[in-house]
Amino acid sequence: MSFTEDQITRYSRHILLPEVGGKGQKKISQAKVFVVGAGGLGSPVALYLAAAGIGTIGLIDSDVVDMSNLQRQVLHHTPDVGRSKVLSAKAKIQAINPDVKVETHEARFTAENALELITPYDIVIDGVDNFPAKFLINDACYFADKPLVHGGILRFEGRVFSIIPKKSACYRCIFKEPPPPGLVPSCQEAGIIGVVAGIIGTIQATEALKIILGIGQPLTDRILDFDAQKTAFREIKTKRNPKCKLCGDNPEITKLFEHEQEVCQLRTPGTVGVT
Amino acid sequence: MQVTINGKSEDLQAGNVMEVLKHKEVDPHMVAVELNTQIVERDQLEATQVKDGDKLEFLFFMGGGR
């Protein structure tokens, strides 16, 4: 595959980078990235990966655009309210870069469809808003052996790290299972400053590009936490947990399943801990 | 003893991880605890002693994304 003159111009700032070059840009244009959730995190991920010239972007989301999404979900514009999120997303991606093939799934990501959906892709991005789905994505990537870029946001904070299954610590190595229902609020309940989704999602896109290009140091075995109020990043070193129920020495999880969906309820005041 | 909790040095009385969590008013169900980069299993929080110079990380759940 060779680039057209327009494509060489479009990707010239990438091609100029010795770490990317024409060869790297070709890798990008042949890469397939699956994004679970076309919302706060999925928006910057999809927009930047589209601009970068990723070959195929897969998107799954069962939701329609709501007015309350527009404060942070920059894939969706005011006239999109009421429209399917994946279709709204596809239109923006193709407007940015018609080179990108977009595969949309207006559905929920479930234990039944997860493996079939991610198998054709090279990398998976977590852009979901609940714990059962985050654990399901983690487990599915382990079984399908796909690199995963995890992301999480809440209030003024965000977290991001990459997982290379069987090589680096997985989400379950650290967090085991979802917190008891009602203890940890969602963005819907607790709020989220919109820009944090942009910061964390953009780092997720960066990680995806680095993994595709095979450059730099991946964000594996270290968790990156961001605090927007302090404008501070903190890196927490971690490692694979031999007692992990998924990827440890004596795994108990041998097939995909879904944790029960948490009941929407705010945690009781006064239980908020250290910062 | 001097212990680093989430990057901040703190002067604490000797105790186990569960006692440190209680002292910091952190519900143990809301965090994953790492002691010197090693995850402490939830059923080991009381059995795990914190020593002078240890580095503790309380990783709060962050479940949002949309």
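The values are calculated or read from the model by the stated rules, or taken from the named source; none is laboratory data. In this text the structure is predicted, and so the values were computed from the model without any measurement. Quick reminder, even Gly has a Cβ in these numbers, built from the backbone with ideal geometry, and neighbours come from all protein chains shown.
Computed values, structure above
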| read-out | value |
| --- | --- |
| Helices (runs of 4 or more DSSP H) wholly inside segment A:12-53 containing at least 1 residues that are charged (D, E, K, R) and at negative phi | A:12-15, A:21-30 |
| Verdict on residue B:45 being more than 9 Å from chain A (Cβ to nearest Cβ), surrounded by fewer than 21 Cβ atoms within 10 Å (Cβ to Cβ) and modelled with pLDDT of 95 or more | yes |
| Selection count where residues are touching a Gly at 6+ places or on another chain (Cβ under 8 Å), touching a residue at least 60 places away in the same chain (Cβ under 8 Å) and of a type outside the set (D, E, K, R), scope segment A:50-93 | 3 |
| Residue within segment B:54-61 that is without any contact (Cβ under 8 Å) to a residue 40 or more places away in the chain, more than 7 Å from chain A (Cβ to nearest Cβ) and among the basic types (Lys, Arg) present | no |
| Evaluation of residue A:153 against (1) touching a residue at least 24 places away in the same chain (Cβ under 8 Å); (2) under 25 Å from residue A:27 (Cα atoms) (one fails), failing number | (2) |
| Those strands (runs of 3 or more DSSP E) lying entirely in segment A:127-228 with at least 1 residues crowded, with 24+ Cβ neighbours inside 10 Å, within 13 Å of another protein chain (Cβ to nearest Cβ) and in contact with a Gly (Cβ under 8 Å, 6 or more places away or on another chain) | A:148-154, A:157-163 |
| Every residue from segment B:36-66 that is part of a loop (DSSP other than H, G, I, E, B) and of a type in the set (A, V, I, L, M) | B:45, B:47, B:62 |
| Residue list for segment A:12-59, filter: within 12 Å of chain B (Cβ to nearest Cβ) and of a type in the set (A, V, I, L, M, F, W, C) | A:35, A:36, A:38, A:41, A:45 |
| Tally of residues being more than 7 Å from chain A (Cβ to nearest Cβ), crowded, with 16+ Cβ neighbours inside 10 Å and either among the basic types (Lys, Arg) or within 21 Å of residue A:172 (Cα to Cα) (or both) across segment B:1-17 | 1 |
| Residue that is modelled with the lowest pLDDT [pool: residues in segment B:13-35 that are more than 10 Å from residue B:58 (Cβ to Cβ) and in a strand (DSSP E or B)] | B:15 |
| Given (1) part of a helix (DSSP H, G or I); (2) more than 12 Å from the chain's Cα centre (by Cα); (3) farther than 19 Å from residue A:106 by Cα; (4) of a type outside the set (Phe, Trp, Tyr), number of the condition residue A:86 does not satisfy | (3) |
| Selection status of residue A:99, part of a loop (DSSP other than H, G, I, E, B), out of contact with any strand residue (DSSP E or B) (no Cβ under 8 Å at 6 or more places or on another chain) and away from chain B (no Cβ under 14 Å) | yes |
| Hey, residue B:25 under 25 Å from residue A:161 (Cα atoms) and facing chain A (nearest Cβ under 7 Å) or not | no |
| Residue check for residue A:122: buried (at least 22 other Cβ atoms within 10 Å of the Cβ) and of a type in the set (D, E, K, R) | no |
| Qualifying residue in segment A:96-112 (condition: crowded, with 20+ Cβ neighbours inside 10 Å, among the aromatic types (Phe, Trp, Tyr), in contact with a Phe, Trp or Tyr (Cβ under 9 Å, 6 or more places away or on another chain) and touching a residue at least 24 places away in the same chain (Cβ under 8 Å)) | no |
| Residue within segment A:51-62 that is at pLDDT 95 or above, of a type in the set (Val, Ile, Thr) and surrounded by fewer than 24 Cβ atoms within 10 Å (Cβ to Cβ) present | yes |
